[in-house]
Amino acid sequence: MARSNIDKALINTLATLLHENNLSEIEYDAEGIRLRVVCAPSPSVPVSGPVLAPLPVSLGNEKALDKMSPPTVSEENIVKSPMVGIVYIAPEPGASPYVKVGDTVKEGQTLFLIEAMKTFNAVKAPHTGKVSKIIVQDAQAVEFGDPLLILE
């Protein structure tokens, strides 16, 4: 069995990118070399914070109850990341963002770009609607399935 030359510098570079961008895995495939670096999840440690007492609500006062209940968002209204990468809210630095809160978008309209392995991929609106919340920030690392935007 022949032993291949392992490029430790490349592995270290990928591991650094993984850590700096808070990713769980990264893959490299070029010049006949294919590497996948995966970060093992750290054991979770339960963190205890202050316990907040519920606010009193008088019976029969539905308006007070409505103000305290968080709005529910339908799963179909959440636009999620189709891949792992870096999300960009504008076509280039200093340019206007593709969308802003309050904008009405049409199905197929570009909402963001996600850079993955030096390729820019457009994230398009799955349906026509109004942008009610943008969850991500420009140049933020995202994982597959991370929520990006709420489109009502």
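The values are calculated or read from the model by the stated rules, or taken from the named source; none is laboratory data. Because the structure is predicted, anything quoted here is derived from the model rather than measured. Quick reminder, even Gly has a Cβ in these numbers, built from the backbone with ideal geometry, and neighbours come from all protein chains shown. For accessibility, only protein heavy atoms count, side chains too; no ligands or nucleic acids. Shrake-Rupley method; radii C 1.70, N 1.55, O 1.52, S 1.80 Å.
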Evaluate region 103-112: report whether one residue or more is open to solvent by 100 Å² or more (accessible area, probe 1.4 Å), at pLDDT 90 or above and not in a strand (DSSP E or B). yes
Pairs with Cβ under 9 Å, 6+ apart, first in region 107-120 and in contact (Cβ under 8 Å) with a residue 24 or more places away in the chain, second part of a loop (DSSP other than H, G, I, E, B) and among the hydroxyl-bearing types (S, T, Y): L111/Y98; F112/S81; F112/Y98; L113/Y98; I114/S81
Among the residues of region 61-83, is there at least one that is of a type in the set (V, I, T), modelled with pLDDT of 90 or more and closer than 25 Å to D29 by Cβ? no
Close pairs (7 angstrom Cβ cut-off, 6 or more residues apart or separate chains): farther than 15 Å from M117 by Cα in region 131-152, open to solvent by 20 Å² or more (accessible area, probe 1.4 Å) and among the polar types (S, T, N, Q) anywhere: I150/N77; I150/S132; L151/N77; E152/N77; E152/S132
Return the residue satisfying two criteria in turn: it lies in region 121-142 and is in contact with a Phe, Trp or Tyr (Cβ under 8 Å, 6 or more places away or on another chain) and part of a strand (DSSP E or B), and of such residues it is most open to solvent (accessible area, probe 1.4 Å). A122
Members of region 90-102 found to be open to solvent by 50 Å² or more (accessible area, probe 1.4 Å) and among the aliphatic types (A, V, I, L, M), listed by number: V101
Counted residues in region 10-60 being in a helix (DSSP H, G or I), open to solvent by 60 Å² or more (accessible area, probe 1.4 Å) and either at pLDDT below 55 or closer than 20 Å to Q140 by Cβ (or both) come to 4
